[in-house]
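A.B. asks: Structure in structure tokens, see below.
The values are calculated or read from the model by the stated rules, or taken from the named source; none is laboratory data. Quantities reported herein were computed from a predicted structural model and do not represent experimental measurements. Glycine gets a Cβ as well: all are built from the backbone with ideal geometry, and neighbour counts include every protein chain shown.
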Amino acid sequence: MGIPLKEVDDGLTLLYLLGVDEIKILGVTTTFGNGTIDQTYRQTHKLAQQMNLEFPILQGEGQRGQNPDTPAAHFLVNSVNQYPHQLSILTTGPVGNLHAANQLDPDFYYKVKRIVAMGGYLRSHGAQSISPKGIKLGYRYLHELNFSANPEAAIEMLHAPCPVTVFPGQVCLQAAFRRKNIKEALWWPQKLRRILTHWVIIFGLYCGVPEFYLWDLLPAVYLTNPNLFETIAFPLGSTMQDLKDGLLIKNPDPKAPFIQVGMSICNPTDFYSNLSAAWQRTAKNFPPPQF
């Protein structure tokens, strides 16, 4: 958030997590996706400094298949060794940092408590089917950007020995954010509300819809409020080729390894109320970011 012409939901997710008392953030690892690795690391580090955040911001994977010897990968390995079977990992972008950590320590995933991820597209969801071009939103097709950016890392994570829950792109379309929501968010400084309003306009012009979507907020809220969502056990059948398009394919064999997949927000009113309460606590307890 704060990089021109880039998504804002990752920054809104951090502002949400800072306002949840039950969550202690040990660190944030950055990756490419919503900009280059230099852009995402620099902007996240700047945000942390402005808000006086005490946890580290670590630079991670800058491109698919790079050397795993990154600050982010070492941080992940050191963290699970310090707190084995206690840490939840939230992923909101390509998952190459987890792959790098597993290369440094082949027992990495065995020490993780759980992973909650935003990524992938279901082959079909309700009345909506996936085109080879992606999901249709307004007059645009949106290609999947998280799992497809590093399918080797994605398939490894999806088959990790720890519990894995995934929120696919179609489900995240249930969490729209409009100008009305921004106008009501008086706890945010005017400049932040202006940035969000600009993103509503930019995304609207690009796709032809009067809103943007809180993609990364769904798995973040799920961490402490799983009751707000419907999830199902999903036998995983995706191949590497499928994940190059970010596709989550259901295995017809019910004995296949399964993940949990978020299917819907059960109570949208409670979902948005939860977001607002956490964002207000963050605004009260931390200095506002100065974009």
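A.B. asks: Do you know which residues across segment 273-291 are assigned to a loop (DSSP other than H, G, I, E, B) and either at pLDDT 95 or above or not hydrophobic (A, V, I, L, M, F, W, C) (or both)?
C.D. replies: Those that are assigned to a loop (DSSP other than H, G, I, E, B) and either at pLDDT 95 or above or not hydrophobic (A, V, I, L, M, F, W, C) (or both): 286, 287, 288, 289, 290.
A.B. asks: Is there a residue in segment 109-132 that is part of a helix (DSSP H, G or I) and out of contact with any Asp or Glu (no Cβ under 9 Å at 6 or more places or on another chain)?
C.D. replies: yes
A.B. asks: Being out of contact with any helix residue (DSSP H, G or I) (no Cβ under 8 Å at 6 or more places or on another chain) and in a strand (DSSP E or B) is the filter; apply it to segment 249-260 and report the residue that is farthest from residue 219 (Cα to Cα).
C.D. replies: Going residue by residue through segment 249-260, those that are out of contact with any helix residue (DSSP H, G or I) (no Cβ under 8 Å at 6 or more places or on another chain) are 250-258, 260.
With the extra rule that they be in a strand (DSSP E or B), the set shrinks to 250, 258, 260.
On the way: 250: 20, 258: 18, 260: 12 Å.
Within segment 249-260, the match that is farthest from residue 219 (Cα to Cα) is 250.
A.B. asks: OK, next. Just to verify a result, which residue in segment 7-29, among those that are crowded, with 19+ Cβ neighbours inside 10 Å and of a type in the set (D, E, K, R), is farthest from residue 213 (Cα to Cα)?
C.D. replies: 10
A.B. asks: Okay, next question. Within segment 239-291, work out how many residues are touching a strand residue (DSSP E or B) at 6+ places or on another chain (Cβ under 9 Å), hydrophobic (A, V, I, L, M, F, W, C) and over 19 Å from residue 196 (Cβ atoms).
C.D. replies: Of the residues in segment 239-291, 10 are touching a strand residue (DSSP E or B) at 6+ places or on another chain (Cβ under 9 Å), hydrophobic (A, V, I, L, M, F, W, C) and over 19 Å from residue 196 (Cβ atoms).
A.B. asks: Moving to a separate point now. Return the residues of segment 95-133 that are farther than 12 Å from residue 168 by Cβ and touching a Phe, Trp or Tyr at 6+ places or on another chain (Cβ under 7 Å); say none if nothing qualifies.
C.D. replies: 101, 102, 116, 131, 133 - these are the residues of segment 95-133 that are farther than 12 Å from residue 168 by Cβ and touching a Phe, Trp or Tyr at 6+ places or on another chain (Cβ under 7 Å).
A.B. asks: Of everything in segment 245-277 that's within 20 Å of residue 187 (Cβ to Cβ) and of a type in the set (Ser, Thr, Tyr), which residue is surrounded by the fewest Cβ atoms within 10 Å (Cβ to Cβ)?
C.D. replies: In this case the residue turns out to be 269.
A.B. asks: State all residues of segment 127-146 that are over 24 Å from residue 7 (Cβ atoms) and not hydrophobic (A, V, I, L, M, F, W, C); if no residue qualifies, say none. I'd like the intermediate steps shown before the answer.
C.D. replies: Taking segment 127-146 as the starting set, the residues that turn out to be over 24 Å from residue 7 (Cβ atoms) are 127, 129.
If the condition is that a residue be over 24 Å from residue 7 (Cβ atoms) and not hydrophobic (A, V, I, L, M, F, W, C), then 129 is the only one that fits.
A.B. asks: Restricting to segment 108-135, and then to whatever is over 20 Å from the mean Cα position of the chain (by Cα) and at pLDDT 90 or above, can you tell me which residue is surrounded by the fewest Cβ atoms within 10 Å (Cβ to Cβ)?
C.D. replies: This residue is 110.
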